[in-house]
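Once you've had a glance at the structure underneath, I'll fire off some questions.
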Amino acid sequence: MIVVLKPNISKKDEMAVLKEIKKLGYKPHVMRGVERTVVGAIGDERTHSTLETLAAWPQVESVMPVQKRFKLVSREAHKGNSTISIKVGSNTIVVGGKKVQVMAGPCSVESEKQLLTTAHSVKAAGATILRGGAFKPRTSPYEFQGLGEKGLKMLAKARKETGLAIITELLSEEHAEMVAGYADILQIGARNAQNFQLLIAAAKTGKPVLLKRGLSMKIEEWLLAGEYILANENSNLMFCERGIRTFETYTRNTLDLSTVPIIKKESHCPIVIDPSQGAGRSDLVVAMCKGAVAMGADALLIEVHPNPAEAWSDGAQQVTLEGFAKLMEELKPFIAAAGRE
Ligand code: PEP
Ligand code: MN
């Protein structure tokens, strides 16, 4: 159930409502918007007492059942757009606000030189977040698996040198605290999008989480996977579309841009587009970024490598440093036309 509180009620009145919700057997999740505070009451409505009596309370505006299976991520739970603030030094990067944030960097962290060269270059071109995998989910066990903590240390160094925030993939529960010690955003990869124990472990670190869409995941399943983050006391969730499996073989995956307006309609959480895994082809990245921005994406996740031909993973889809700088220029009019910065 969703309990909408009247605007400007006192803390004491709010506490009384929360106490009653708990008394009736539900777990309250408070979400503060600009105009209203909304409380998501989690519990099985078939076995618990009804919360509808709360509608009679003077400090309550309305009590609504949530029809959808996903609750905390839903628009019904939070009418405004959620924003995620990431502090790097004295700088704050906001995902889901007016500025379209660009996360850029190599598929895999390979060496300090490769990472730092890329970091300085993408920063100069306007990126605000550095991506780079230190733990890589490779299809074959014989392929490069990532540098592990050594790679995370390189990311931390790049952060210190450039002021870019860091996003990197969390591959297993056992590494959650360690990876969270280096990263500003934890990426949950497509192959782990329904690894629920990993989602819970990621949420519990308290770091913002970027949840990729699984290879063959339906949108409702993706929203429900996101629900695991919010239901575990972490409100900083962003969804990331990275292409799905279809019959098409011209591209590595089929980037489903319809997810931008769908996620915007169904959820208050930011939506990120990854055109790199999305097509698996560097020549399509610019066009897909333009489309994503025009449709209202909050951020882009783009693979950039100083020498894609020699990349240790995903060479075909990574753009060069020069290619990335040109892409950022080409995107400007699309960002402006979408009413963003
Ligand atoms: C990646 O970002 O390099 C990656 C492995 O992504 P995905 O999980 O979307 O395949
Ligand atoms: Mn990749």
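The values are calculated or read from the model by the stated rules, or taken from the named source; none is laboratory data. It should be emphasised that the depicted structure is a prediction, and the values quoted were computed from it without experimental measurement. So basically every Cβ, Gly included, is an ideal-geometry build from the backbone, and we count neighbours across all protein chains shown. Side chains are part of the model used for accessible areas, which takes the heavy atoms of the whole protein and leaves out ligands, DNA and RNA. Shrake-Rupley method; radii C 1.70, N 1.55, O 1.52, S 1.80 Å.
Quick one: which residue in 52, 61 is open to solvent by 30 Å² or more (accessible area, probe 1.4 Å), among the acidic types (Asp, Glu) and touching a Leu at 6+ places or on another chain (Cβ under 8 Å)?
Of 52, 61, the one residue that is open to solvent by 30 Å² or more (accessible area, probe 1.4 Å), among the acidic types (Asp, Glu) and touching a Leu at 6+ places or on another chain (Cβ under 8 Å) is 61.
Six or more apart or on different chains, Cβ atoms under 6 Å: show the pairs whose first residue is in the stretch 32-49 and without any contact (Cβ under 8 Å) to a residue 60 or more places away in the chain and farther than 30 Å from residue 83 by Cα and whose second is aliphatic (A, V, I, L, M) and surrounded by 14 or more Cβ atoms within 10 Å (Cβ to Cβ).
Between residues of the stretch 32-49 that are without any contact (Cβ under 8 Å) to a residue 60 or more places away in the chain and farther than 30 Å from residue 83 by Cα and residues that are aliphatic (A, V, I, L, M) and surrounded by 14 or more Cβ atoms within 10 Å (Cβ to Cβ), the close pairs are 49/24.
For residue 182, indicate whether it is free of Cβ contacts under 8 Å to residues at least 12 places away in the same chain, more than 16 Å from ligand 2 (Cβ to nearest atom) and either in contact with a helix residue (DSSP H, G or I) (Cβ under 8 Å, 6 or more places away or on another chain) or aromatic (Phe, Trp, Tyr) (or both).
Criteria not met by residue 182.
Can you name the number of the only condition in (1) surrounded by fewer than 17 Cβ atoms within 10 Å (Cβ to Cβ); (2) in contact with a His (Cβ under 7 Å, 6 or more places away or on another chain) that residue 38 fails?
For residue 38, the failing item is (1).
Go through 266, 241, 248 for me and flag whichever is modelled with pLDDT of 95 or more, within 15 Å of residue 74 (Cβ to Cβ) and of a type outside the set (Val, Ile, Thr).
Being modelled with pLDDT of 95 or more, within 15 Å of residue 74 (Cβ to Cβ) and of a type outside the set (Val, Ile, Thr) holds for just one of 266, 241, 248, which is 266.
Further question: Considering each residue of the stretch 184-197, count those that are part of a helix (DSSP H, G or I) and either open to solvent by less than 10 Å² (accessible area, probe 1.4 Å) or among the small types (Gly, Ala, Ser) (or both), and give that number.
1
Pull out all pairs, ordered by first then second residue, where Cβ-Cβ is under 7 Å, the residues are six or more apart or on different chains, the first lies in the stretch 192-218 and is farther than 25 Å from residue 254 by Cα, and the second is open to solvent by 10 Å² or more (accessible area, probe 1.4 Å) and of a type in the set (S, T, N, Q).
Once the first residue is farther than 25 Å from residue 254 by Cα and sits in the stretch 192-218, its partners that are open to solvent by 10 Å² or more (accessible area, probe 1.4 Å) and of a type in the set (S, T, N, Q) give 198/172; 198/192; 200/232; 203/232; 204/232; 208/236.
Just to verify a result, which residue in the stretch 115-141, among those that are within 22 Å of residue 295 (Cβ to Cβ) and within 16 Å of ligand 1 (Cβ to nearest atom), is surrounded by the most Cβ atoms within 10 Å (Cβ to Cβ)?
Restricting to residues being within 22 Å of residue 295 (Cβ to Cβ) and within 16 Å of ligand 1 (Cβ to nearest atom), the top hit is 131.
Taking the condition closer than 30 Å to residue 121 by Cα, modelled with pLDDT of 95 or more and of a type in the set (A, V, I, L, M, F, W, C), does residue 225 pass?
Judged against the criteria, residue 225 is not a match.
Can I ask one more? Search the stretch 64-99 for residues being open to solvent by 10 Å² or more (accessible area, probe 1.4 Å) and among the polar types (S, T, N, Q), and hand back the single one that is nearest to residue 219 (Cα to Cα).
Ranking the candidates gives 67 first.
Applying the selection to the stretch 160-183, what residues are open to solvent by 10 Å² or more (accessible area, probe 1.4 Å) and assigned to a loop (DSSP other than H, G, I, E, B)?
If the condition is that a residue be open to solvent by 10 Å² or more (accessible area, probe 1.4 Å) and assigned to a loop (DSSP other than H, G, I, E, B), then 163, 171, 172 are the ones that fit.
Do we find a residue being more than 30 Å from residue 115 (Cα to Cα) and either touching a helix residue (DSSP H, G or I) at 6+ places or on another chain (Cβ under 7 Å) or basic (Lys, Arg) (or both) anywhere in the stretch 305-312?
The answer is no, given that none of the residues of the stretch 305-312 is more than 30 Å from residue 115 (Cα to Cα) and either touching a helix residue (DSSP H, G or I) at 6+ places or on another chain (Cβ under 7 Å) or basic (Lys, Arg) (or both).
Any idea how many residues of the stretch 286-332 are in a helix (DSSP H, G or I) and away from ligand 1 (no atom under 13 Å from the Cβ)?
Total meeting the criteria: 25.
Which one of these is farther than 18 Å from residue 263 by Cβ, away from ligand 1 (no atom under 16 Å from the Cβ), in contact (Cβ under 8 Å) with a residue 12 or more places away in the chain and out of contact with any Lys or Arg (no Cβ under 9 Å at 6 or more places or on another chain): 149, 61, 112?
On inspection, the qualifying residue turns out to be 149.
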